[in-house]
Each structure stands twice: as structure tokens, then as C-alpha cells.
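Here is the structure we will look at.
The values are calculated or read from the model by the stated rules, or taken from the named source; none is laboratory data. Quick caveat, the model's predicted, so the values are computed rather than measured. Ideal geometry is used to build each Cβ from the backbone, glycine not excepted, and the neighbour counts take in all protein chains shown.
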Amino acid sequence: MTPDDLPDEATPADRAKSKAVPIGRPFRACHPRDLLDQVTALCRYRGIEPVLSREMLDLACEAYFLDDKVSQPPTAPVRPRRKRRGDVEVQ
């Protein structure tokens, strides 16, 4: 079940659990506190009064429950280093 499948009356805890479970993370007792800290920090950053809305909770969950299998940045090709004066060639 994804957050979009939840009924309108779903609790914030149900919404947060629906974000954690698909990536294989069990919902732990510390998650509500950590998510509220994320929401507070996000509101502070935006310069608004802290409020627990669906949007803020979803943004906090996206930041907190990262799926490391999906969120890896693409690997950039490695360029060879330019030769500098004084470099010794190794064969």
C-alpha cells in the first residue's frame, strides 16, 4: 500500500508506515520522533510555522526513508589525470 492508496482519514503514522514498508525497513519506535524533527527542520528552513500536513510528512518521509538501491547517483566517468611537470612515468 502506498501513501496515495490510503484513505483521506489515514493517520500520520499510517502514512509514514506506508513509506517505510515498501523499501523493507520495519517501522521503529524512534521513527515518529525523527519524522517530526524532519518536519520541524523543513518548516524552519522554509521560514514557516511548523505544521504537520500531508505534504510536510511526505517530504520528511522521502528524506528519511531513502531506498539506497534506487537513490544512488549515476557514476561519472573518471577522467585521466593530466601530466604535470615532475611526474615520473611508471611502466
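Below, the figures for the structure above:
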| item | result |
| --- | --- |
| Residues of segment 19-48 classified as in a helix (DSSP H, G or I) and either over 14 Å from Glu62 (Cα atoms) or modelled with pLDDT of 80 or more (or both), total | 16 |
| Sole exception among (1) modelled with pLDDT of 85 or more; (2) among the β-branched types (Val, Ile, Thr); (3) over 20 Å from Ala16 (Cβ atoms) for Val51, by number | (3) |
| Selection from segment 9-18 of residues that are in a helix (DSSP H, G or I), among the charged types (D, E, K, R) and out of contact with any Leu (no Cβ under 8 Å at 6 or more places or on another chain) | Lys17 |
